[in-house]
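> This is the structure I want to talk about, given as structure tokens.
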Amino acid sequence: MLHRAVAARAGLECVPVGVDDDGMRVELLPDMDAGAVLVTPAHQSPTGAVLAPERRRSLLAWAERASAVVIEDDYDAEFRYDREPVGPLQGLAPERVVYCGSASKTLAPAMRLGWLVLPDALADAVAGEKALDDMGSPVLEQLALADFLEAGELDRHLRRMRPRYRARRVALVEALARELPEVELAGVAAGLAVVALLPRGSDERALATAAAQRGVAVHPLGFSRFDPASGPPGLVLGYASMPEPALARGVAEVAAAWRELQSARAA
Ligand SMILES: Cc1ncc(COP(=O)(O)O)c(C=O)c1O
């Protein structure tokens, strides 16, 4: 959603591309006359699908044919709980792919530090835009992050956090199965949020509002769509910052909100 606002502000026209269980439907691109495509191939945001290997290949082949740029937002690839994370697309086509990484998921969003790996042809222009935009990111924070990386601390931190996040994910998934068996989960075991699909016809916004009134923040899935009604209703539930008992309590509140809405509908 934010990406769309950023692109629109830069004067770009955004067009949606469908996604399914294998990630972005790359076969739709040739008919779109696009100059760039934004993808989250390691873990589609927010559905959690991984871009299928043949689609990764077709995406890069399309970019080459169309002289287009692939913007790879690798925002949470470090967290995959069922197998090793897939490698970035950037390494396969460094002159076609703009790689975007961020410390927001691995360390803290408040740091506001991220990085780009750019095709040679774009590096100077992007550095120039960034200088005009903010005159550069804070140097002390960058040096501290560099030191943290060089000392191997980020790797240690990730090794420590992966099992914790995995346990939180398991607790959330178990609580959903127990309290809200009506929902179906989407996506692979990765990242820091779970997508719970609600039965067709459910009002995801009303449920998010009712959950918020009970002190639990969840995001309607439609917030991430061009047309909120273009797919099944659902909720995005983050689990990174809460221990397991709090997650179970949170799900119990969402379930109570759901039942209340169901009874109000039936009445
Ligand atoms: C899809 C996606 N990309 C990137 C980011 C990271 O953004 P930033 O580095 O600006 O915090 C997020 C954070 O929530 C995200 O959801």
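The values are calculated or read from the model by the stated rules, or taken from the named source; none is laboratory data. None of these values were measured; they are calculated from a predicted model. Quick reminder, even Gly has a Cβ in these numbers, built from the backbone with ideal geometry, and neighbours come from all protein chains shown. Ligands, DNA and RNA are stripped out before the accessible areas are found, and what is left, the full protein with its side chains, is counted by its heavy atoms. Shrake-Rupley method; radii C 1.70, N 1.55, O 1.52, S 1.80 Å.
> Taking a ≥ b ≥ c as the square roots of the eigenvalues of the Cα gyration tensor of segment 33-185, is the shape rounded (a/c under 1.5), prolate (a/b larger than b/c) or oblate?
It is oblate, given that a/c is not under 1.5 and a/b is not larger than b/c.
> Additional query: Quick one: Karplus J couplings for segment 74-80, per residue in order, coefficients 6.51, -1.76, 1.60, θ = phi - 60°, nearest Hz, x for Gly and Pro?
Going residue by residue, I get 9, 5, 9, 5, 5, 10, 10 Hz, with x marking Gly and Pro.
> Could you order peptides 2-10, 68-76, 225-233, 90-98 by the average number of other Cβ atoms within 10 Å of their residues, highest first?
Final packing ranking: 68-76, 90-98, 225-233, 2-10.
> Kyte-Doolittle mean at least -1.0 and Cα extent at least 30 Å along the axis: which DSSP H helices of the chain qualify?
Correct list, ordered by number: 244-266.
> While we're looking at this one, here's another question. From the mean inverse distance of alpha carbon pairs (Kirkwood) and the Cα radius of gyration, derive Rg over Rh for the chain.
0.98
> Also: Relative contact order of the chain, please, whole-number percent, based on alpha carbon pairs below 8 angstrom and at least 6 residues apart.
16 percent
> Rounded, prolate or oblate: pick one for segment 134-254, where a ≥ b ≥ c are the square roots of the eigenvalues of its C-alpha gyration tensor, a/c under 1.5 means rounded, and failing that, prolate if a/b is larger than b/c, else oblate.
Note, shape of segment 134-254 comes out prolate.
> Also: Tell me the label-point distance for the pair PHE148, ASP31, using the 7 Å Cα-to-Cβ offset, in nm and rounded to one decimal.
Each label point lies 7 Å from its Cα, and together they span 4.5 nm.
> Here is a follow-up. Springs between alpha-carbon pairs under 10 angstrom, Gaussian network model over the chain: which of ARG25, ARG55, ARG159 fluctuates most?
ARG159
> So with the 1.4 Å probe, I'd like the accessible area per residue for the chain, rounded to whole Å².
Per-residue value: 56 Å².
> Right, something else. Just LEU198, LEU38, LEU145 to compare: in a GNM of the chain, with alpha carbon springs under 10 Å, which one fluctuates most?
Result for the chain, Cα springs under 10 Å: LEU145 fluctuates most.
> Separate question: Give the distance, in whole Å, between the Cα centre of segment 107-135 and the Cα centre of segment 73-105.
Measuring centre to centre over Cα atoms gives 16 Å.
> Pop out the carbon and sulfur fraction of the accessible area of segment 78-142 as a percent, whole number, probe 1.4 Å.
Ligands and nucleic acids excluded, carbon and sulfur give 59 percent.
> I want to check the label-to-label distance for ALA266 and SER241. Put each point 7 Å from Cα in the C-beta direction and report it in nm to one decimal.
3.6 nm
> Net charge near GLN262: determine it from the other residues with C-beta under 11 Å of the C-beta of GLN262, scoring Lys and Arg +1 and Asp and Glu -1.
Here the count lands on -1.
> Could I ask something else about it? Using a 10 angstrom cutoff on alpha carbons, build the Gaussian network for the chain and name the most mobile of ALA255, ALA125, ALA177.
Result: ALA125 has the largest fluctuation of those listed.
> Can you tally the net charge around ARG168? Count Lys and Arg as +1, Asp and Glu as -1, for every other residue whose Cβ sits under 12 Å from the Cβ of ARG168.
With Lys, Arg at +1 and Asp, Glu at -1, the net is +2.
> So how far, in whole Å, is the C-alpha centre of segment 241-267 from the one of segment 187-231?
Each part reduced to its Cα centre gives a spacing of 13 Å.
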